[in-house]
Amino acid sequence: MNCVLRRAEAGDIPGIFALYEKRIAWMEEKGLHQWNATDYLTVYPRSYFRAQAAQGRLYAAENRENGEILGAVVLLSEDDRWADRAGEPAYYVHNLVTQAAAPGVGGWMLGELETLARKDGKTALRLDCAVDNAALNDYYASHGYREAGCCADGAYRGVRREKRV
């Protein structure tokens, strides 16, 4: 894949936010009920992504050839959904989005995040996804993310997943 994963900057926010809008529209088209059914862009408005970028936690997957942003992710060092594992050196993947028209970018991003985690002395990469999204759970399992419990946040019910790095 001819991409680079880099820290996002303030100027990237419009393009990154557009990825979320497009992915939500894609979910509607496909009849999936995830971000489109949870008021995602109200919970995670542009200001959230600006703040994550300012704190160095928002990353962009950029096409090296044309500079197009093909994906984005927030990478945290702690996560309340994993309070039972607090203190373990891990990164937590949030808000992972890719362009629907760019197959393979999500898996590539996960690989890059795993490399970054190892480089930074982390022992695991952790994430969660909706318990009722079988396709997404299968996707993460196919990339080596094993089930590691459940989590809840309001109406959201998730499967915690972890990959040792």
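The values are calculated or read from the model by the stated rules, or taken from the named source; none is laboratory data. Please read these numbers as outputs of a predicted model, since none were measured by experiment. Reconstructed Cβ throughout: ideal geometry from the backbone, glycine too, with neighbour counts over all protein chains shown. Surface accessibility is based on the protein's heavy atoms, side chains included, excluding ligands, DNA and RNA. Shrake-Rupley method; radii C 1.70, N 1.55, O 1.52, S 1.80 Å.
Could you give me the ³J(HN,Hα) list for the stretch 118-132, computed from phi with Karplus coefficients 6.51, -1.76, 1.60 and θ = phi - 60°, whole Hz, x at Gly and Pro?
4, 4, 8, x, 7, 9, 8, 10, 10, 7, 9, 8, 4, 4, 9
On the accessible surface of the stretch 53-129, probed at 1.4 Å, how many percent belong to carbon and sulfur atoms?
Roughly 43 percent of what the probe reaches on the stretch 53-129 is carbon or sulfur.
Using Cα springs under 10 Å in a Gaussian network model of the chain, which residue among E112, E147, E65 shows the largest mean-square fluctuation?
Of the options given, E65 has the highest mean-square fluctuation.
Please give me, ordered by residue number, the trypsin sites (Lys or Arg not before Pro) of the stretch 33-90 that lie in loop per DSSP and have at most 16 other Cβ atoms within 10 Å.
Within the stretch 33-90, the qualifying trypsin sites (Lys or Arg not before Pro) (loop, at most 16 other Cβ atoms within 10 Å) are R64.
Any lysines with Cα under 19 Å of the K122 Cα? List them, leaving off those in the same chain fewer than 8 positions away.
K163
Send over a whole-number figure in Å² for the accessible area per residue of the chain, probe 1.4 Å.
Value returned for the chain: 51 Å² of accessible area per residue.
Which of the lysines could a cross-linker span from K30 if the Cα-Cα distance has to be under 28 Å and same-chain partners fewer than 8 positions apart are dropped?
Excluding near neighbours in sequence, the set is K22.
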